[in-house]
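**Student:** Provided herewith is a single structure, encoded as structure tokens, for subsequent inquiry.
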Ligand code: GDP
Ligand code: MG
């Protein structure tokens, strides 16, 4: 129920607000941390500016210094920036055979990642995958994929010497259709540096295959360079996501932020080693912690915020215990119920409340009613909400009319308010560690 408390919590914890100086001082250190993590300079600068505007004036949590508070704000902003609008682990592979194109510089980990993803699709989604190497540049590149395929039990397109990448892509497409594959993956050649020929080759392959996903594989240990690579590939080929490899190393992964900020492309996976299982879907929270390198401060602030929340819950419980349960409280409860999947969902979470939920439901209480009930409360004046005893006939009529409902609807709400008030009182009496406290966690 913590969200429900957050309104109260904001009001009561405003011990002081972050001043511009507080923020500036703290951000100076954050800036160093970002640069040390290999976030590119323009991205770091832009990011700091954004956070500065956002943080100034924000409330400081009790027992936390302004600097610590800023770190937490930065952390949350990082998570926010790193979070894309697609589910990172969900590859678009409907309409079989679905082509997936892998692009990137030489040595970035394309071939390894191709095999890792093929293994994932096979094992987790039960897909039949065909892998094809289009790398005609590097000797033994095709054999490398073939060996990996054998190792993970995924088919590879038979190698035909002397074919060009476009011809191989066409053959892969035909073979995937004929062979009844769900997915075919095209592992392209890379260069040490980006050049026109490489880009042209990838573009030609793209035009033939029309990939559902074009994944750019980038070495997570590279900083500034990664941004240029990503921009170039995205401009010329168009990518649908980024895979960051070598995140098992000691790099701090600033490339993730740079790439996301500059290209706007979602990061989808991270590579965590050479083994075929060493891949995970991208988790913004984890990378944010790594980039910032101030995990202990972040968790310190989180703890302090939790403590304050618990204190607020306790205060609220004491009020309920004394029978102080007004319409504002009820409104908060109703809103929380909406979030938690209705009456049954919420009551189900409180031990011993299942039966009560059923009774309430049998009494004609469903989730659409919650919306109407909130509307009723909104039609009340501040005074009425704080003291529902004021509600006599004429006021009732006004409120019902104001929310487009009948007085009988309002009476039902008032009855429920009384019942819940009684219930809160009882739960409160069960004392510390009782149900209400538990339910508020
Ligand atoms: P490609 O040239 O882009 O196809 O790169 P490869 O897939 O051949 O990978 C180059 C090297 O990097 C190989 O030795 C891989 O085992 C290694 N590699 C790839 N991904 C990772 C990773 O996530 N972590 C580590 N430590 N090594 C990786
Ligand atoms: Mg390769």
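**Student:** Run down 268, 319, 260, 290 and say which single residue is within 16 Å of ligand 1 (Cβ to nearest atom) and either over 28 Å from residue 81 (Cα atoms) or part of a helix (DSSP H, G or I) (or both).
**Tutor:** Unique residue meeting the criteria: 290.
**Student:** Same structure, new question: From 217, 227, grab the single residue that is outside any loop (DSSP other than H, G, I, E, B) and either within 16 Å of ligand 2 (Cβ to nearest atom) or loosely packed, with under 15 Cβ neighbours inside 10 Å (or both).
**Tutor:** On inspection, the qualifying residue turns out to be 217.
**Student:** What are the residues in the stretch 266-277 that are more than 16 Å from ligand 2 (Cβ to nearest atom) and either closer than 22 Å to residue 149 by Cβ or surrounded by fewer than 16 Cβ atoms within 10 Å (Cβ to Cβ) (or both), if any?
**Tutor:** 268, 269, 272, 273, 275, 277
**Student:** Looking only at helices (runs of 4 or more DSSP H) that lie completely in the stretch 1-68, which have at least 3 residues being modelled with pLDDT of 90 or more, assigned by TED's automatic domain parsing to the domain that holds residue 332 and under 22 Å from residue 256 (Cβ atoms)?
**Tutor:** none
**Student:** If only one of 118, 172, 132, 141 is within 16 Å of ligand 2 (Cβ to nearest atom), touching a helix residue (DSSP H, G or I) at 6+ places or on another chain (Cβ under 6 Å) and in contact (Cβ under 8 Å) with a residue 40 or more places away in the chain, which one is it?
**Tutor:** Step by step, each of 118, 172, 132, 141 is checked, and only 132 is within 16 Å of ligand 2 (Cβ to nearest atom), touching a helix residue (DSSP H, G or I) at 6+ places or on another chain (Cβ under 6 Å) and in contact (Cβ under 8 Å) with a residue 40 or more places away in the chain.
**Student:** Inside the stretch 278-287, can you point out the residues that are within 11 Å of ligand 1 (Cβ to nearest atom), in contact (Cβ under 8 Å) with a residue 12 or more places away in the chain and surrounded by fewer than 18 Cβ atoms within 10 Å (Cβ to Cβ)?
**Tutor:** Of everything in the stretch 278-287, just one residue is within 11 Å of ligand 1 (Cβ to nearest atom), in contact (Cβ under 8 Å) with a residue 12 or more places away in the chain and surrounded by fewer than 18 Cβ atoms within 10 Å (Cβ to Cβ), namely 278.
**Student:** Inspect the stretch 69-82 for any residue being part of a loop (DSSP other than H, G, I, E, B) and either touching a strand residue (DSSP E or B) at 6+ places or on another chain (Cβ under 7 Å) or more than 16 Å from ligand 1 (Cβ to nearest atom) (or both) and give the result as yes or no.
**Tutor:** no
**Student:** Of the residues that make up the stretch 88-101, is at least one within 30 Å of residue 264 (Cβ to Cβ), within 16 Å of ligand 1 (Cβ to nearest atom), in contact (Cβ under 8 Å) with a residue 12 or more places away in the chain and outside any loop (DSSP other than H, G, I, E, B)?
**Tutor:** Checked against the condition, which is being within 30 Å of residue 264 (Cβ to Cβ), within 16 Å of ligand 1 (Cβ to nearest atom), in contact (Cβ under 8 Å) with a residue 12 or more places away in the chain and outside any loop (DSSP other than H, G, I, E, B), the stretch 88-101 yields at least one hit.
**Student:** Tell me which residues, restricted to the stretch 144-162, are surrounded by 15 or more Cβ atoms within 10 Å (Cβ to Cβ) and away from ligand 2 (no atom under 16 Å from the Cβ).
**Tutor:** Once the filter is applied, which keeps residues that are surrounded by 15 or more Cβ atoms within 10 Å (Cβ to Cβ) and away from ligand 2 (no atom under 16 Å from the Cβ), the stretch 144-162 yields only 155.
The values are calculated or read from the model by the stated rules, or taken from the named source; none is laboratory data. Bear in mind that the values here come from a model prediction, so they are computed numbers and not experimental data. Neighbour counts are summed over all protein chains in view; Cβ atoms, including those assigned to glycine, are modelled from backbone coordinates with ideal geometry.
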